[in-house]
Amino acid sequence: MHEALEVFSSFASSVGLRLSDSQRESLKVGAAWLATAARASGLSQYRDPGSALLRAMGPALSYFAFDTMPRTGIVADLGSGSGAVGATIALLAPELQIHLVDRAKRAYTAAELLVSRMRLVNATPVNADIGQLQQLYDGVVFRALAPGPEALAAAARILRPHGYLGAFHRVGDSSFQSPVEPLRVVGTSATTLPELSITCYRR
């Protein structure tokens with residue numbers, strides 16, 4: 001776990017973040033719980049804390065590679081699963097409010113437990129489908145499961161005008177470089193996973 005935390009911290013430094021001692025402790029608690037939950041529920045494949053930290057939580061660091069992604073306001077993490085990405089963003093951007101949105105009850109419960117264990121006051125699990133969301137968000141993040149145009153169009157519907165969207169997708173997936181209106185590409189960045197990129201868009 002120590003080695004994984006050092007790798008995480010190094011990547012954090014590369015995007016302008018300096019982790020406090022309390023943030024490090026919260027990350028360790030969160031990673032340990034995610035690993036335990038993976039073994040018990042199968043919500044993820046990362047069954048040791050080091051893998052959970054780098055592979056489940058680590059991609060969240062790339063949110064901060066873009067100065068344009070919101071640091072205040074309300075951000076939705078769509079299809080959040082156990083909440084690893086959204087909870088990590090919440091920890092590192094305490095002025096943000098993060099909604100961890102998933103339609104699966106099991107994922108919602110897992111996110112509730114993760115938020116509780118990490119003692120996050122700015123992350124709220126939401127058990128809903130995207131079509132049930134009634135508000136517009138300052139920012140949206142998601143890990144792509146659908147093809148680019150379909151996933152981006154769905155996420156854009158809950159993004160306020162001039163808001164920003166971050167899509168985690170497989171490296172080289174060109175469908176995320178030609179977004180549908182009203183989005184335009186801001187840029188693409190690497191993540192802690194060699195096979196995963198994040199592309200940022202502005203509405």
- Do we have PRO59 as touching an Asp or Glu at 6+ places or on another chain (Cβ under 8 Å) and surrounded by 14 or more Cβ atoms within 10 Å (Cβ to Cβ) here? no
- Which numbered condition GLU181 fails, given (1) without any contact (Cβ under 8 Å) to a residue 12 or more places away in the chain; (2) in contact with a strand residue (DSSP E or B) (Cβ under 7 Å, 6 or more places away or on another chain): (2)
- Failed condition for ALA104, given (1) surrounded by fewer than 21 Cβ atoms within 10 Å (Cβ to Cβ); (2) touching a helix residue (DSSP H, G or I) at 6+ places or on another chain (Cβ under 7 Å); (3) closer than 19 Å to PHE168 by Cβ: (2)
- Message: Can you confirm whether ARG18 is without any contact (Cβ under 8 Å) to a residue 24 or more places away in the chain and of a type in the set (D, E, K, R)?
- Response: yes
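Somewhere in the range 39-47, is a residue touching a residue at least 40 places away in the same chain (Cβ under 8 Å), farther than 18 Å from ASP138 by Cβ, surrounded by fewer than 22 Cβ atoms within 10 Å (Cβ to Cβ) and among the hydrophobic types (A, V, I, L, M, F, W, C)? Before you say what the answer is, go through the steps one by one.
Narrowing the range 39-47 to residues touching a residue at least 40 places away in the same chain (Cβ under 8 Å): 41, 43-44.
Now narrow it down to the ones that are farther than 18 Å from ASP138 by Cβ: 41, 43-44.
Those still in the list that are surrounded by fewer than 22 Cβ atoms within 10 Å (Cβ to Cβ) too: 41, 43-44.
Filter once more, keeping what is among the hydrophobic types (A, V, I, L, M, F, W, C): 43.
Yes, the range 39-47 contains at least one residue that is touching a residue at least 40 places away in the same chain (Cβ under 8 Å), farther than 18 Å from ASP138 by Cβ, surrounded by fewer than 22 Cβ atoms within 10 Å (Cβ to Cβ) and among the hydrophobic types (A, V, I, L, M, F, W, C).
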- Query: Within the range 129-152, how many residues turn out to be free of Cβ contacts under 8 Å to residues at least 60 places away in the same chain and surrounded by 15 or more Cβ atoms within 10 Å (Cβ to Cβ)?
  - Reply: 7
- Message: Residues that are closer than 21 Å to PHE64 by Cα, within 18 Å of the chain's Cα centre (by Cα) and at pLDDT 90 or above, at least 3 per element: which strands (runs of 3 or more DSSP E) completely within the range 96-187 meet that?
- Response: 96-102, 137-143, 159-170
- Task: Go through (1) under 22 Å from LEU27 (Cβ atoms); (2) in contact with a strand residue (DSSP E or B) (Cβ under 6 Å, 6 or more places away or on another chain) and name the single condition LEU136 misses.
- Result: (1)
- State the number of residues belonging to the range 62-90 that are surrounded by fewer than 24 Cβ atoms within 10 Å (Cβ to Cβ) and either touching a Pro at 6+ places or on another chain (Cβ under 8 Å) or in a helix (DSSP H, G or I) (or both). 2
- Which of (1) in contact (Cβ under 8 Å) with a residue 24 or more places away in the chain; (2) surrounded by fewer than 21 Cβ atoms within 10 Å (Cβ to Cβ); (3) of a type outside the set (Lys, Arg) is the odd one out, the single condition THR109 does not satisfy? (1)
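The values are calculated or read from the model by the stated rules, or taken from the named source; none is laboratory data. All figures in this text were calculated on a predicted structure; none of them were measured in a lab. Methodologically, a virtual Cβ is constructed for each residue, glycine included, from the backbone with ideal geometry; neighbour enumeration extends over all protein chains shown.
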